[in-house]
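Below: one structure, written as structure tokens.
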Amino acid sequence: MLEIGAHAPDFTLQNQYGEPVTLSGLRGRPVAVVFYPFAFSGVCTGELCRLQDSLPVFDDAGVRLLAVSVDTKYTLRAFAREESFDFDLLSDFWPHGAVAQRYGVFDPVSGQAERATFVLDAEGVVADAFRSERGVPRELEAYRSALAKLDG
């Protein structure tokens, strides 16, 4: 897993609408890169719905939220539509999990991203990173704590 202080690897992934999102193109503002295993799974759906409900926390901090899974953009479009997500869901489908691998959070046995979050400063440096075990959702307080590190 990437260490705090490391430069986050750049990537370009398609969002749920097929639009390319390039991490380096977001320089100048902080970004939260949230890896999660699969769309429509119980824990992931609950986590992302909590993030949707907490978007003002990210907006107030000036942070762009990006959620990344190994699902296809078509699956992500259906997921976003069903749950009314107002943030980018990025497809790390092919090469399968390549971005998650570069961030050190890909589980090759199950073929999915681990539940891991990287909060990057405006220059793309990891300000904070945290993860939770399989089946255990990340707490909103962990996000609040990570976002607070951007001010310091």
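Coordinate-derived values only; no laboratory data. On a predicted model such as this, the values are computed, not experimentally measured, just so you know. Cβ placement follows ideal geometry from the backbone for every residue including glycine, while neighbour counts extend to all protein chains displayed.
Worth a mention:
- Mean separation of Cα contacts under 8 Å (6+ apart) over length of segment 1-82, as relative contact order %: 36 percent
- Candidates 23, 90, 75 compared by Cα position along the dipole of segment 1-119: farthest toward the positive end lies 23, with charges placed on Cβ.
- Only DSSP H runs of four or more residues enter the estimate; each adds -39500 (n - 2.57), and after division by the residues of the chain the mean residue ellipticity at 222 nm equals -8000 deg cm²/dmol.
- Across segment 113-121, rounded Karplus estimates of 3J(HN,Hα) from the backbone phi angles (6.51 cos²θ - 1.76 cosθ + 1.60, θ = phi - 60°) give 6, 6, 8, 9, 10, 10, 9, 9, 6 Hz, Gly and Pro being marked x.
- Rounded to the nearest 20 debye, the dipole magnitude of the chain is 220 debye, with +1 charges on Lys and Arg beta carbons, -1 on Asp and Glu beta carbons, and the Cα centre as origin.
- Mean separation of Cα contacts under 8 Å, 6 or more apart, over the residue count of the chain: relative contact order %: 32 percent
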